[in-house]
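Structure first, then comments.
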Amino acid sequence: MTNTKSDEEILQEKKEKKAERDRKYRESAKGKANRKAYRESEKGKAIIKAYRESEKGKESIKAYQESEKGKATMKNCIEAYKQSEEGKAKREAYYQSEEGKAKREAYQQSEEGKAKAKAYRESEKARAAKKRRRKSEKAKATVKAYNQREGIAEKNKARARLYGMIQRGSIKKTNICTICGDTTTQCHHEDYSKPLEFIELCFKCHTHLHNEKRIALT
Ligand SMILES: [Zn+2]
Ligand SMILES: [Zn+2]
């Protein structure tokens, strides 16, 4: 056994030392700052762009995006952006834009949108929220104020009487909207003092009719 190192061993040691120095430099504030400056320089940008567009770069990006780490990072980035003031403002602006409104309406009318809305309505979460809303002081106050409005007692009485008769089967609903033919209907009274005189309207036509009446009154 001699103490003399072989050339190979010396080379290996040198390599390791250099790697250690490089690593330290990369992790140092100076190294980080230099790297950032390089990334932001024209030359750095051009090189990064060229790399991203190269086959190797594309592959590497794709592999990263599909990796657990990449997915997690992407998710965090999106989440952080959503929570940021900029993200919130952008989302709000999009919601209010014509494009956003049109997209939302189209989605709500789509099979997927309808199914999602239905699933939500039937979810525990929606039910709990509805219950909370109904129990809130604000909701109670609204109901109370509504019930105290003129004519509401009579209206409630007329509805209760009619729905009682429907439930017992003494009156049969046709379930066809008088205006548009839709097959889910509500009963509309022109005169609440005549509970048994009613027409059937779908939710849309019914709301529309009442809105028109309200406008006509004001
Ligand atoms: Zn209708
Ligand atoms: Zn009505």
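The values are calculated or read from the model by the stated rules, or taken from the named source; none is laboratory data. Note that the structure is predicted; figures quoted are calculated from it, not measured. In this analysis, Cβ positions are derived from the backbone assuming ideal geometry, glycine residues included, and neighbour counts consider all displayed protein chains.
Annotations
- Hey, Tyr94 in contact with a helix residue (DSSP H, G or I) (Cβ under 7 Å, 6 or more places away or on another chain), under 29 Å from Ala117 (Cβ atoms) and among the aromatic types (Phe, Trp, Tyr) or not: yes
- Apart from one condition, Ala126 fits all of (1) modelled with pLDDT of 90 or more; (2) within 16 Å of ligand 2 (Cβ to nearest atom); (3) hydrophobic (A, V, I, L, M, F, W, C); the exception is (2).
- Only a single criterion out of (1) within 15 Å of ligand 2 (Cβ to nearest atom); (2) more than 24 Å from Asn147 (Cβ to Cβ) is not satisfied by Asn175, namely (1).
- Subset of the stretch 167-218 (residues that are on the phi > 0 side of the Ramachandran plot and either within 8 Å of ligand 1 (Cβ to nearest atom) or of a type in the set (Asp, Glu) (or both)): Gly181
- Candidates Lys71, Lys118 - the one that is within 30 Å of Ile199 (Cα to Cα) and surrounded by 10 or more Cβ atoms within 10 Å (Cβ to Cβ): Lys118
- Qualifying residue in the stretch 73-80 (condition: basic (Lys, Arg) and part of a helix (DSSP H, G or I)): yes
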